[in-house]
Amino acid sequence: MENQDYIIELKNVRKKFDDATDYVVEEFNLKIKKGEFVTFLGPSGCGKTTTLRMIAGFDTPTEGQILLKGVDISSLPPYKRPINTVFQKYALFPTMNVYENIAFGLKMKKVPVTVTKNGKEVTKMVHLSKDVIQKKVKKALEIVDMEDFESRNIQTLSGGQQQRVAIARAIVNEPEILLLDEPLGALDLKMRKEMQLELKAMHKKLGITFIYVTHDQEEALTMSDTIVVMSDGFIQQVGKPKEIYDEPANAFVADFIGESNIYTGTIFPDHKVKILNKLFEMVDTFPLHQKVDVVIRPEDVIIKEQDQGTVNGKIVSKIFKGIHYQYVIMVGKNEVTAQSTESWPVDSTVSISVLPNNIHVMKRNIEVNIYDGYITKNNKVCFADFDWECDVTTLAKNSHINEEGYLQTEDGAEYDLSDCEVKVYVDLDKVIMDDKVDECDVKGQIIQLVYKGDHYQYLVRNESDDFIVDSEWTWNEGDIVGIRINPENIKLKLKGDLKQYAV
């Protein structure tokens, strides 16, 4: 498909700010068709607003290109782009009424007009006439259903009405693209739900491209043609709402979009996967014995009488949600969240099953922490900007450290491992998080967490590296934690030949 089929294209876009070492947006590649409603969805700090600001022209990409109809606009100032933005804080002028707020941009705008001067045609820039401004404002007010509010003071309007005025002010300039940065964030729940439907209707009426930023999954699923799920500056998945919900690309997407049961499973013969210590039939195809992540939505869990399903469990929680009950069922140490219109008593033993096509199996993104490191003169291993105690004798069979501090093998050969480059492997459950941060030499911040039935999986970031940690203990996103790894849990693999380090 040619570039002219897309109104906006982001190619290899990266962004970091002046004093920062890390990029807030990484390897961002996206094509947006004219007239699409595209939503950037992700947690706070994932880079979605920064990306929106780069499209608007308020920020410039550190690397990469932003193309408008195939033309690079990366360095074009905002006022020269056919793009308008609606912010979370609507930035309306409190001393102006509704009409004046909407008309403000039009009064400042100049358009080219061709006139005849001394027998020659000359093009000059002139302000719009009052009649033209009035017609445009009236049309914008009709689109947002506020025709009778022209003279109202901004400060007398409700949050929803102010939001409509902000949208009218943005669309009155007839932009080709409308950017919306969490515009419903300040509204109450009922108003937010109403405005979701109104925005979708406005999009259909206007026919222009909407690019919407939110951290609210329901907003994204309700309004979007396409959802771009982001985390930690990266695109995790791009797809239509149903595709994102039914076929999440990884555990983060599954956890972030709606409610999910996520488990670590193992592939068995005959299209079966082992989770909850039982074999469940599936439709996906994976290599035998591969470790996988398995996603089951609560509405797909079928509750039956004891011993009538695949595995038994005990109901420990029951909440009435209006159209269904939501249960937490303990299967061994694993939690299973289920939804059912049937009423089952708490503390009763039930059986659960899941249809094969409702079991979504995904390749695990990471199974072990891997780092590039080197051995120090003290026979420690340096990675993540810290010298860790380790057992370097694992690099050679039947070896030991002699009195000179050299690695000595069983044939008597000696090796000076100083600056020896190694690959470092640490299992996810062998990284220990500690709330006694001051007692730990390494610390980091929890960037992301996903619950996996009987444990949490955390992404902990320090200044130089990430640690993926499996832990049964509960922390919150944003917490600062200490990191410890016992020496016997650090596995080393030599880069190159040991002979090059012979003494």
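Can you tell me which of M202, M195, M191, M230 is among the aliphatic types (A, V, I, L, M) and at pLDDT 90 or above? Quick ask: steps written out before the conclusion?
Details: M202 fails: at pLDDT 90 or above; M195 fails: at pLDDT 90 or above; M191 fails: at pLDDT 90 or above.
Residue meeting the stated conditions: M230.
Scanning region 69-86 for residues that are out of contact with any Lys or Arg (no Cβ under 7 Å at 6 or more places or on another chain), buried (at least 16 other Cβ atoms within 10 Å of the Cβ) and of a type outside the set (K, R) yields a count of 5. Criterion first (over 19 Å from V469 (Cβ atoms), modelled with pLDDT of 95 or more and touching a Gly at 6+ places or on another chain (Cβ under 9 Å)) does T337 satisfy it? No: the conditions fail for T337. Might you check whether a residue that is exposed (fewer than 14 other Cβ atoms within 10 Å of the Cβ), of a type in the set (D, E) and free of Cβ contacts under 8 Å to residues at least 12 places away in the same chain occurs anywhere in region 392-403? Yes, region 392-403 contains at least one residue that is exposed (fewer than 14 other Cβ atoms within 10 Å of the Cβ), of a type in the set (D, E) and free of Cβ contacts under 8 Å to residues at least 12 places away in the same chain. On the stretch given as region 297-314, residues that are closer than 15 Å to L276 by Cβ and part of a strand (DSSP E or B) total 7. The residues in region 221-266 that are in contact with a Phe, Trp or Tyr (Cβ under 8 Å, 6 or more places away or on another chain), surrounded by 20 or more Cβ atoms within 10 Å (Cβ to Cβ) and hydrophobic (A, V, I, L, M, F, W, C) can be counted, and the count is 7.
Condition check for I446 on (1) closer than 27 Å to P248 by Cβ; (2) in contact with a Gly (Cβ under 8 Å, 6 or more places away or on another chain); (3) surrounded by fewer than 19 Cβ atoms within 10 Å (Cβ to Cβ): one failure, at (3).
Quick one: which residue in V273, V295, V283 is under 15 Å from N357 (Cα atoms) and in contact with a Ser or Thr (Cβ under 6 Å, 6 or more places away or on another chain)? Outline the logic, then answer.
Numbers: V273 fails: in contact with a Ser or Thr (Cβ under 6 Å, 6 or more places away or on another chain); V283 fails: in contact with a Ser or Thr (Cβ under 6 Å, 6 or more places away or on another chain).
Exactly one residue qualifies, and that residue is V295.
Only residues that are in a strand (DSSP E or B) and either touching a Lys or Arg at 6+ places or on another chain (Cβ under 8 Å) or loosely packed, with under 14 Cβ neighbours inside 10 Å (or both) were counted in region 332-359, giving 6. Selection of first residues in region 186-197 that are in the same structural domain as T214 (by TED's automatic domain parsing) and buried (at least 16 other Cβ atoms within 10 Å of the Cβ) and of second residues that are part of a helix (DSSP H, G or I) and β-branched (V, I, T), restricted to Cβ pairs under 6 Å at least 6 apart or on distinct chains, gives the following pairs, ordered by first then second residue: Q196/T222. One residue alone among K89, K130, K110, K120 is surrounded by fewer than 14 Cβ atoms within 10 Å (Cβ to Cβ) and under 26 Å from P183 (Cβ atoms), and that residue is K89. The condition (being assigned to a loop (DSSP other than H, G, I, E, B), in contact (Cβ under 8 Å) with a residue 24 or more places away in the chain and not hydroxyl-bearing (S, T, Y)) is satisfied by just one residue among L76, L92: L92.
Which one of these does I319 not meet: (1) surrounded by fewer than 17 Cβ atoms within 10 Å (Cβ to Cβ); (2) closer than 20 Å to P356 by Cβ; (3) of a type in the set (A, V, I, L, M)? For I319, the exception is condition (2).
Of all the numbered requirements in (1) in contact with a Ser or Thr (Cβ under 8 Å, 6 or more places away or on another chain); (2) under 26 Å from P43 (Cβ atoms); (3) surrounded by fewer than 18 Cβ atoms within 10 Å (Cβ to Cβ), I177 misses one, and that requirement is (3). The sole residue among L106, L141 that is among the hydrophobic types (A, V, I, L, M, F, W, C), under 22 Å from I208 (Cβ atoms), in a helix (DSSP H, G or I) and touching a Leu at 6+ places or on another chain (Cβ under 7 Å) is L106. For region 204-254, a residue qualifies if it is within 15 Å of the chain's Cα centre (by Cα) and among the hydroxyl-bearing types (S, T, Y), and the qualifying residues are Y212, T214, T226, S231, Y245.
Is it the case that V132 is outside the structural domain of A186 (by TED's automatic domain parsing), at negative phi and not in a helix (DSSP H, G or I)? Steps first, answer last, please.
Details: outside the structural domain of A186 (by TED's automatic domain parsing): yes; at negative phi: yes; not in a helix (DSSP H, G or I): no.
No: the conditions fail for V132.
Close contacts from region 307-326, counting a first residue that is more than 27 Å from M282 (Cα to Cα) and free of Cβ contacts under 8 Å to residues at least 40 places away in the same chain and a second that is in a loop (DSSP other than H, G, I, E, B) and among the polar types (S, T, N, Q), with Cβ to Cβ under 9 Å and a gap of 6+ residues or different chains, come to K318/S343; F320/S343; I323/T341. Which members of region 432-470 meet the condition of being in a loop (DSSP other than H, G, I, E, B) and in contact (Cβ under 8 Å) with a residue 40 or more places away in the chain? Of everything in region 432-470, those that are in a loop (DSSP other than H, G, I, E, B) and in contact (Cβ under 8 Å) with a residue 40 or more places away in the chain turn out to be D435, K436, C440, D441, K452, G453, D454, N462, E463, S464, D465.
Going residue by residue through region 141-153, is there one that turns out to be in contact with a helix residue (DSSP H, G or I) (Cβ under 9 Å, 6 or more places away or on another chain) and touching a residue at least 60 places away in the same chain (Cβ under 8 Å)? Yes, the conditions are met somewhere in region 141-153. Note on region 214-295: enclosed strands (runs of 3 or more DSSP E) holding 1 or more residues that are outside the structural domain of F40 (by TED's automatic domain parsing) and small (G, A, S) are 261-268.
The values are calculated or read from the model by the stated rules, or taken from the named source; none is laboratory data. Remember, predicted model here, so these are calculated numbers, not experimental data. Don't worry about glycine lacking a Cβ; one is built from the backbone with ideal geometry, like all the others, and counts go over all protein chains shown.
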